[in-house]
1. Out of the stretch 185-198, which residues are open to solvent by 30 Å² or more (accessible area, probe 1.4 Å) and within 14 Å of Gly230 (Cβ to Cβ)?
2. I need the full set of residues from the stretch 124-144 which are of a type in the set (Val, Ile, Thr) and over 22 Å from the mean Cα position of the chain (by Cα), in order please.
3. Go through the stretch 165-184 and give me each residue that's open to solvent by less than 30 Å² (accessible area, probe 1.4 Å), under 20 Å from Ile249 (Cα atoms) and either out of contact with any Ser or Thr (no Cβ under 6 Å at 6 or more places or on another chain) or modelled with pLDDT of 90 or more (or both).
4. Quick one: would you say Trp107 is out of contact with any strand residue (DSSP E or B) (no Cβ under 8 Å at 6 or more places or on another chain), surrounded by fewer than 18 Cβ atoms within 10 Å (Cβ to Cβ), closer than 20 Å to Gln165 by Cβ and not aliphatic (A, V, I, L, M)?
5. From His147, His94, grab the single residue that is more than 30 Å from Ala44 (Cα to Cα), open to solvent by less than 50 Å² (accessible area, probe 1.4 Å) and over 21 Å from the mean Cα position of the chain (by Cα).
6. Please determine whether any residue of the stretch 222-235 is within 24 Å of Ala164 (Cβ to Cβ) and surrounded by fewer than 18 Cβ atoms within 10 Å (Cβ to Cβ).
7. Do you know which of the residues in the stretch 57-82 that are of a type outside the set (A, V, I, L, M, F, W, C) and open to solvent by less than 60 Å² (accessible area, probe 1.4 Å) is farthest from Gly169 (Cα to Cα)?
8. Does Gly238 satisfy the criteria of being part of a helix (DSSP H, G or I), open to solvent by less than 20 Å² (accessible area, probe 1.4 Å) and not acidic (Asp, Glu)?
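The values are calculated or read from the model by the stated rules, or taken from the named source; none is laboratory data. Computed from a prediction, not measured in an experiment: that's the story for all the values here. All Cβ positions, glycine included, derive from the backbone under ideal geometry; neighbour counts span all protein chains shown. Side chains included, ligands, DNA and RNA excluded: accessible areas come from the protein's heavy atoms. Shrake-Rupley method; radii C 1.70, N 1.55, O 1.52, S 1.80 Å.
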Amino acid sequence: MDSLDAWRQRATQVTSRWRGAGRVASERASNSVAGGLSATASVASEAYTAALDWKNNSEFSNWLTNHLSNQHATLVSKAMDAEYLRTHIGGGWHRLYDGGHSLAGSWKAVSSSLPDLGALDQLGIWANEYWKDLITTRGMPILILDHADQVSEYFKHLDCVNVAQLIGGEICGVSIYCNWNDPAKLVASATATECSGMVLANVVAPLVSLIALGRAYFLIKKSQQDDLQGLIAPAMKGLSRSGATVLLITVIPGGFLLHLSSGIVISLAHGYVWDKGNENKDAILAMMKGCLGNLQNGLPGLRGLPLLPQSGGPALV
């Protein structure tokens, strides 16, 4: 009887261990999958911003316009374009100058052209007309400009906001959510978005990414770590990742979907190479030092130059 009880106890212990091992393995697999999905979603949002802004997001904006908008001229749209129709001010950029496409100007055009309608009906018509212009590539102006001032194309695009850019801002928020509790990843994602957004004249996503920078600063202060030098390497990682993505999109011919998929691939590859370089940075520096030494021995004119240090600079993350 004692042997039977001992056997049962032993079986219970073995079963408990197997259950514990299975639970640990399941948690590791779940965390690995969740981490992979989070990393993919983060770089996908950054790649979207870069792919979207290529050629002023014209491809995606044209698709949205064709599928989600009715662009027929109406009495209200003519009222919004009244100054342009009268003076042809600004040409294709007249929304930045004519005053009829700001929030106040567009509402004034609706109320003046349809004075007999109630406020709710006017609001519905205004929303429809504003949407018709907001969804296009040129979008709607942020600030009304003085036409006497000559403004470059870059700053004209920077002064416009459209639906495609607003979608990009929301997708940028996905990256912030995925990295919400990791200040290094927040900084890397924010700098990547800032880089592509400012290079390609998108003002929405870079403004949203400021939330990530604020959150990263809050986490560092909360952990009572006042040294911000540790964020230099994540910032460099984000900048180099975004730079590689923008360069790839510039070089590769194709449309939005090809650029988006290529941007995701290059971002994931960049992260892998960066992490591997961080793990083996001492060996890489030693190899570079040896190559530079061989080069100096072969070229007498370079012998006075100092060799690369064995280690230095901020650590990669």
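1. Lys185
2. Filtering the stretch 124-144 down to residues of a type in the set (Val, Ile, Thr) leaves 125, 135-137, 142, 144.
Once the filter is applied, which keeps residues that are of a type in the set (Val, Ile, Thr) and over 22 Å from the mean Cα position of the chain (by Cα), the stretch 124-144 yields Ile125, Ile144.
3. Within the stretch 165-184, Gln165, Gly169 meet the criteria.
4. Values: out of contact with any strand residue (DSSP E or B) (no Cβ under 8 Å at 6 or more places or on another chain): yes; surrounded by fewer than 18 Cβ atoms within 10 Å (Cβ to Cβ): yes; closer than 20 Å to Gln165 by Cβ: no; not aliphatic (A, V, I, L, M): yes.
For Trp107, the condition - out of contact with any strand residue (DSSP E or B) (no Cβ under 8 Å at 6 or more places or on another chain), surrounded by fewer than 18 Cβ atoms within 10 Å (Cβ to Cβ), closer than 20 Å to Gln165 by Cβ and not aliphatic (A, V, I, L, M) - is not met.
5. Numbers: His147 fails: open to solvent by less than 50 Å² (accessible area, probe 1.4 Å).
Sole residue among the options that is more than 30 Å from Ala44 (Cα to Cα), open to solvent by less than 50 Å² (accessible area, probe 1.4 Å) and over 21 Å from the mean Cα position of the chain (by Cα): His94.
6. Here is the first cut: in the stretch 222-235, the residues within 24 Å of Ala164 (Cβ to Cβ) are none.
So far as the stretch 222-235 goes, no, none of its residues is within 24 Å of Ala164 (Cβ to Cβ) and surrounded by fewer than 18 Cβ atoms within 10 Å (Cβ to Cβ).
7. Going through the stretch 57-82, the residues of a type outside the set (A, V, I, L, M, F, W, C) turn out to be 57-59, 61-62, 65-67, 69-72, 74, 77-78, 81.
If we keep only those that are open to solvent by less than 60 Å² (accessible area, probe 1.4 Å) too, we end up with 57-58, 61, 65, 69, 74, 77, 81.
Numbers: Asn57: 13, Ser58: 17, Ser61: 15, Thr65: 19, Ser69: 21, Thr74: 30, Ser77: 27, Asp81: 28 Å.
Top of the filtered list is Thr74.
8. Details: part of a helix (DSSP H, G or I): yes; open to solvent by less than 20 Å² (accessible area, probe 1.4 Å): yes; not acidic (Asp, Glu): yes.
So Gly238 fits the description; yes.
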